[in-house]
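The values are calculated or read from the model by the stated rules, or taken from the named source; none is laboratory data. Because the structure is predicted, anything quoted here is derived from the model rather than measured. All Cβ positions, even for glycine, are placed from backbone atoms using ideal geometry, and neighbour counts span all protein chains on display.
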Amino acid sequence: MSWIGRFFAARRPGSDAHGSVERALLASLSGDADAAEAELSTLGRERPADVDVFRALALVWSRRGEFLRSIHLHQALLLRRDLPEGVRVCVLADLADDFRRAGFLKRALAAYEEVLIHEPRHARALAGLAALLRTLRDHERALEVVRRLGRVEGRDTREQEADLHLAIAEAAHAEGRADAARRSVKRALRLRPEYGPAFVLLGTLEAERGKDARALAAWCRAAELDPRCGSLVYPRLEAAFAAAGRTREIAAFLRGLLEKRPDDASARIALARALAAWGEVDAAVAELRSGIERGGDVVASRAELCRLLLEAGRDGDLREPLRSLLDALEHASPPRALETSA
């Protein structure tokens, strides 16, 4: 049971404290942070020795984005001499989380490290530290922390480790350390053999050292495994097939993908572009219309259809596709705000 669960469970039914806690919980669950704050503030004045009341109040502030208030309250709690050591460590972990969410990354790093000095198997601190190290791009150390967390929680971390090995490979590639990048991307694939993004980078590394056949195979594998890799690899595949004197094979490859994933809009758009480049405009238009009828990414498909007709000089055929594109844009969901992980 978490500390907040123990906090609610410890208040005896029928007591004034229990009633305040119930009201604070109901207010919090209903999204009324102001009411939850009022109940907990009142309870804090009545029971100033109850540390959990103030931890709950700080949590309300933190969830509302008032990180500085929460930080100051946690710091005040840490100055108390009556805190049991276990509670002190938990408050310090709360403070570390607030520092990270507020963007005080160096302070968060120091606070997580202090928690782990006192309690090396503190799962929440390990998870927070791993997230922070990824933000700081210290992927090597994040990898070590993720492994520690996996041992503490008794779970498989191969997927997370593969992500970190890929991040290490990408950093090495950006720095021109191709051999190190290749080693890391292969570690990622040993941990996660069907990891599409790792095959994208592997293909790039192979192409850069002149291993065109291996690059082509890696990019094909990426597209087969993960449709989200399509926009990255389809232009490279088209160029690689052409360089190998196998220009028309890109169409066969894309049609094979579409047999397995008929709603894959990016593959269908890539096929339409290839057909249009070969002068087969009617076939390209038919492919795009087929994708639109299937209800995939209709905005992207309609936009590509308009672009294709415009480039082909078929302005007279643009009226209906353009109207459909505008309708699709009007009814498309608005872009979501970027979300940051807590």
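Per-residue answers, yes or no, for (1) assigned by TED's automatic domain parsing to the domain that holds ALA125; (2) part of a helix (DSSP H, G or I); (3) under 15 Å from VAL115 (Cβ atoms):
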| site | (1), (2), (3) |
| --- | --- |
| ARG69 | yes, yes, no |
| ASP82 | yes, no, no |
| VAL91 | yes, yes, yes |
| ASP98 | yes, yes, yes |
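Hey, does the stretch 241-256 have a residue that's in a helix (DSSP H, G or I) and under 24 Å from the mean Cα position of the chain (by Cα)?
no
Mind telling me which of the residues ARG289, ARG261, ARG268, ARG246 ends up being at negative phi, among the charged types (D, E, K, R), surrounded by fewer than 22 Cβ atoms within 10 Å (Cβ to Cβ) and in contact (Cβ under 8 Å) with a residue 24 or more places away in the chain?
Just one listed residue meets the conditions, ARG261.
Looking for something under 18 Å from LEU202 (Cβ atoms) and in contact (Cβ under 8 Å) with a residue 12 or more places away in the chain - is there at least one such residue anywhere in the stretch 132-144?
Yes: the stretch 132-144 contains one or more residues that are under 18 Å from LEU202 (Cβ atoms) and in contact (Cβ under 8 Å) with a residue 12 or more places away in the chain.
Please find, within the stretch 89-114, the residue that is surrounded by the fewest Cβ atoms within 10 Å (Cβ to Cβ) out of those that are charged (D, E, K, R) and free of Cβ contacts under 8 Å to residues at least 24 places away in the same chain.
Only one residue tops the list, namely LYS106.
So, in the stretch 203-220, how many residues would count as being in contact with a Gly (Cβ under 9 Å, 6 or more places away or on another chain) and crowded, with 19+ Cβ neighbours inside 10 Å?
Counting residues in the stretch 203-220 that are in contact with a Gly (Cβ under 9 Å, 6 or more places away or on another chain) and crowded, with 19+ Cβ neighbours inside 10 Å gives 5.
Determine which single condition ILE117 fails, assuming it passes every other condition in (1) closer than 24 Å to ASP50 by Cβ; (2) surrounded by fewer than 16 Cβ atoms within 10 Å (Cβ to Cβ).
Going through the list (1) closer than 24 Å to ASP50 by Cβ; (2) surrounded by fewer than 16 Cβ atoms within 10 Å (Cβ to Cβ), ILE117 breaks only (1).
Name every residue in the stretch 44-64 that is aliphatic (A, V, I, L, M), in a helix (DSSP H, G or I) and over 13 Å from VAL91 (Cα atoms), in order of residue number.
Of everything in the stretch 44-64, just one residue is aliphatic (A, V, I, L, M), in a helix (DSSP H, G or I) and over 13 Å from VAL91 (Cα atoms), namely VAL60.
In the stretch 162-202, which residue that is over 23 Å from the mean Cα position of the chain (by Cα) and in a helix (DSSP H, G or I) is surrounded by the fewest Cβ atoms within 10 Å (Cβ to Cβ)?
Restricting to residues being over 23 Å from the mean Cα position of the chain (by Cα) and in a helix (DSSP H, G or I), the top hit is ASP179.
Any chance you could count how many residues in the stretch 272-284 are farther than 12 Å from GLU311 by Cβ and surrounded by 18 or more Cβ atoms within 10 Å (Cβ to Cβ)?
Here the count works out to 2.
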